[in-house]
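K.L.:
Here it is, the structure, as structure tokens.
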Amino acid sequence: MKKVLKRDNRKVAFTKTKISDAILTAADAHQYDLKYKDVKLITDEITAEIEKSDAENVTVEEIQDHVVNFLKKYGHDKLASAYNEYRKERNKARESKTQLMKSITKIGVETDRDNANVGNNFSAKLLRIASEANKWHVLSTLPAEMAKSHETGDYYIHDLDSYNLTVNCLHLPTGRLLREGFNTGYGMINPAQRIETAASLSCIMLQSSQNDMFGGQSHPNFDNDLAPYVKLTRKEIEKDCIEIGVPASELKAVVERLLIKRVNQAMQSVVYNLNTMHSRAGAQVPFSSINIGIPDSEEAAMICQALLEQYLKGMGSGEQAIFPNIIFRVKQGVNREPSDPYYYLFKIATFVASQRMNPTFMNMDADFNKYWFDQGNYPSTMGCRTYVQSNCNGAPGGAGRGNICPVTINLVRIGIRAKKDVNKFFELFDEIIEQCRKQLMHRYDVLKKLKVKDLPFVAGQKVMCGSEDLTANDSIESIMKQGSWGIGFIGLAETLKALTGKHHGESEESAELGVKIITHLRNRLDEFKEKYKLNFSCYATPAEGLSGKFTQLDKKVLGDIDWINSKNFYTNSFHVPVDFPISYSKKIEIEAPYHKLCNAGHISYIEFDAYPTAETIEKILHFAYEKTNISYLGFNFHIRYCLDCAERVANETRAKSAEKLGA
């Protein structure tokens with residue numbers, strides 16, 4: 001009796017009826033008219049062929065080869081071809097499952113730390129295993145052309161593990177939640193009455209929101225939203241001081257001294273909580289961003305200053321705090337010039353950035369920000385770059401809104417395939433833009449099946465715009481119409497090199513072409529926005545890991561191209577390559593136009609070999625914000641400290657901070 005050698009090396013008895021069943025299943029699936037007598041004839045001949053063999057075992061693949069050959073022998077070529085395609089799809093599915101099992105095994109040993117915000121504990125491993133499993137599930141259910149485009153690297157579907165589960169990111173309506181209170185699932189949290197409570201609740205909001213979503217969470221106007229609770233705390237302190245008999249002549253000074261101390265303690269708790277308060281099943285701390293710098297009151301200015309100073313101190317032993325991402329908004333007449341009332345906050349911010357690489361800086365005088373600012377609507381952003389302001393389906397602004405989900409184009413591949421023909425490039429570019437639109441619309445159709453109860457905090461507590469009139473079993477579709485739908489890009493620099501031989505840092509011609517390319521993308525997205533009544537937006541993708549992923553895929557798909565083979569990653573979004581020698585002023589001038597074009601999010605970085613001075617950062621910001629229309633700027637350098645000497649470093653940092661800030 002022959003044995004069948006299965007793919008997992010098990011041996012089972014040969015059963016000829018399984019051959020008949022497989023042929024009939026294939027015929028039914030493809031509506032192919034195949035008589036049972038023909039099935040029996042083919043099955044008998046395959047069985048006889050197998051029995052003639054001297055081999056002790058026959059493999060599954062050998063049996064399937066016989067099926068294809070005998071179907072063709074008896075004139076069933078169409079069915080043979082369909083059966084062969086089915087085999088390929090099944091093999092692909094099995095390979096995916098095998099890869100999934102390998103990934104799970106690897107995660108069980110140690111979590112892949114491709115994200116510094118992911119731990120290596122039980123919760124983190126469990127989360128990553130679930131993530132890998134759902135990625136496989138989503139890929140297996142996507143339309144074949146979309147799955148192929150993602151897997152081969154024509155474009156990249158972000159956060160595939162969340163494709164059918166939730167949306168991306170959110171600017172929280174922080175002020176309203178603090179005033180009204182909220183429920184995180186186990187009872188109502190009453191409105192805050194003092195600054196310490198408001199600070200703690202602001203962290204709980206970020207954590208609760210992060211549990212519902214896969215992207216970043218932001219306080220879009222943190223200092224102003226928390227300012228009322230400084231006033232309440234001042235009244236509380238004043239009442240206590242009067243009760244214990246503080247003399248009237250000393251009352252104001254004592255109250256202010258105690259108030260500053262409590263505000264600083266509250267902001268210290270924000271820094272500590274956002275680096276230790278885990279979400280997502282205990283696997284990550286929230287990806288948090290806090291926008292500050294345009295205070296409407298002295299109380300808001302006090303919060304702004306305290307947050308910066310507490311971030312400067314770092315964690316308990318002076319370690320670098322990963323979160324929050326702090327965005328300091330710069331505005332002429334508010335804080336930019338020495339004559340401005342809050343210039344001292346700008347000075348503190350530049351000093352903190354020179355030591356901690358944070359905050360980053362946002363230009364409220366860029367024309368696209370000023371347009372909203374002059375209407376009393378303060379633009380905000382996130383450390384992950386998300387920017388939302390305009391809205392084709394409701395009120396503009398950031399609070400209660402975010403990016404629903406993005407997809408990113410491998411721009412370099414299009415540039416290479418165009419073979420230096422710019423007209424051909426734009427033809428191919430239009431094709432992939434349309435594919436990305438279809439991809440986002442497919443995701444829209446998947447996500448609209450979610451109900452409010454699936455996002456219990458951000459939808460259930462009416463945190464997101466569009467959720468105001470929804471009940472637990474309603475679709476979240478009205479919410480999805482309020483957020484942005486981003487199509488991003490990676491590798492403009494390498495794309496230009498493929499088309500012209502030089503990137504935009506090397507050639508004015510290339511610089512002009514670069515702006516033309518991204519203007520084309522923005523124009524197409526504006527057309528989609530008008531036609532489909534969804535907030536399609538242009539996204540300067542921040543995914544550093546994707547820059548390397550696209551490079552590796554292109555090496556496989558495109559074959560030997562010398563200048564790609566020598567690269568480990570493409571340049572992020574519209575940036576000038578980081579290793580290209582260029583002055584900061586020239587880099588800013590080249591990259592500035594893209595900030596206005598990329599209305600779903602953007603940033604430019606200035607790289608330093610060593611710690612910059614606060615004066616250098618201020619000088620660069622003044623140039624950028626006075627001479628160009630650039631908006632969001634960050635400063636990168638290596639932060640160096642010895643973990644074994646953490647306390648000494650902490651003491652030096654505190655002493656230096658106190659001396660510099662006059663604290």
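The values are calculated or read from the model by the stated rules, or taken from the named source; none is laboratory data. Since we're looking at a predicted model, the values are computed, not measured. Cβ: placed from backbone, ideal geometry, glycine included. Neighbour counts: every protein chain shown. Please note that ligands, DNA and RNA were not included when accessible areas were found on the heavy atoms of the full protein model with its side chains. Shrake-Rupley method; radii C 1.70, N 1.55, O 1.52, S 1.80 Å.
K.L.:
Identify, from the list V167, V109, the residue that is at pLDDT below 85 and not basic (K, R).
P.N.:
Just a single option satisfies the conditions, and that option is V109.
K.L.:
Across the stretch 211-237, which residue is least open to solvent (accessible area, probe 1.4 Å) among those that are over 25 Å from Y342 (Cβ atoms) and assigned to a helix (DSSP H, G or I)?
P.N.:
Top of the filtered list is D212.
K.L.:
Just to verify a result, which residue in the stretch 492-514, among those that are part of a helix (DSSP H, G or I) and without any contact (Cβ under 8 Å) to a residue 24 or more places away in the chain, is least open to solvent (accessible area, probe 1.4 Å)?
P.N.:
Within the stretch 492-514, the match that is least open to solvent (accessible area, probe 1.4 Å) is S510.
K.L.:
Can you report the number of residues in the stretch 595-632 which are loosely packed, with under 15 Cβ neighbours inside 10 Å and touching a Lys or Arg at 6+ places or on another chain (Cβ under 6 Å)?
P.N.:
The number of residues fulfilling the criteria is 0.
K.L.:
Which of the residues that make up the stretch 450-481 are within 22 Å of G601 (Cα to Cα), surrounded by fewer than 22 Cβ atoms within 10 Å (Cβ to Cβ) and under 21 Å from the mean Cα position of the chain (by Cα)?
P.N.:
K481
K.L.:
Restricting attention to the stretch 31-58, report how many residues are within 24 Å of R7 (Cβ to Cβ), touching a helix residue (DSSP H, G or I) at 6+ places or on another chain (Cβ under 9 Å) and of a type outside the set (A, V, I, L, M).
P.N.:
Of the residues in that region, 4 qualify.
K.L.:
Would you pick out the residues in the stretch 238-257 that are open to solvent by less than 70 Å² (accessible area, probe 1.4 Å), part of a helix (DSSP H, G or I) and of a type in the set (A, V, I, L, M, F, W, C)?
P.N.:
C241, L251, A253, V254, V255
K.L.:
Criterion first (surrounded by fewer than 22 Cβ atoms within 10 Å (Cβ to Cβ), more than 26 Å from the chain's Cα centre (by Cα) and without any contact (Cβ under 8 Å) to a residue 60 or more places away in the chain) does D365 satisfy it?
P.N.:
no
K.L.:
Anything in the stretch 577-594 that is within 22 Å of Y156 (Cα to Cα) and surrounded by 22 or more Cβ atoms within 10 Å (Cβ to Cβ)? List them, or say none. Give the steps one after another, and end with the answer.
P.N.:
Taking the stretch 577-594 first, the residues within 22 Å of Y156 (Cα to Cα) are 577, 594.
Of everything in the stretch 577-594, just one residue is within 22 Å of Y156 (Cα to Cα) and surrounded by 22 or more Cβ atoms within 10 Å (Cβ to Cβ), namely Y594.
K.L.:
Any idea which residue in the stretch 74-89 is least open to solvent (accessible area, probe 1.4 Å), counting only those that are under 23 Å from P143 (Cα atoms) and of a type in the set (D, E)?
P.N.:
Checking each candidate, the answer is E85.
K.L.:
Within the stretch 344-355, how many residues are more than 16 Å from D223 (Cα to Cα) and open to solvent by 10 Å² or more (accessible area, probe 1.4 Å)?
P.N.:
Going through the stretch 344-355 one residue at a time, the tally reaches 3.
K.L.:
If I filter the stretch 540-592 down to residues being assigned to a loop (DSSP other than H, G, I, E, B) and charged (D, E, K, R), which single residue comes out as nearest to I620 (Cα to Cα)?
P.N.:
Among those that are assigned to a loop (DSSP other than H, G, I, E, B) and charged (D, E, K, R), it is D579.
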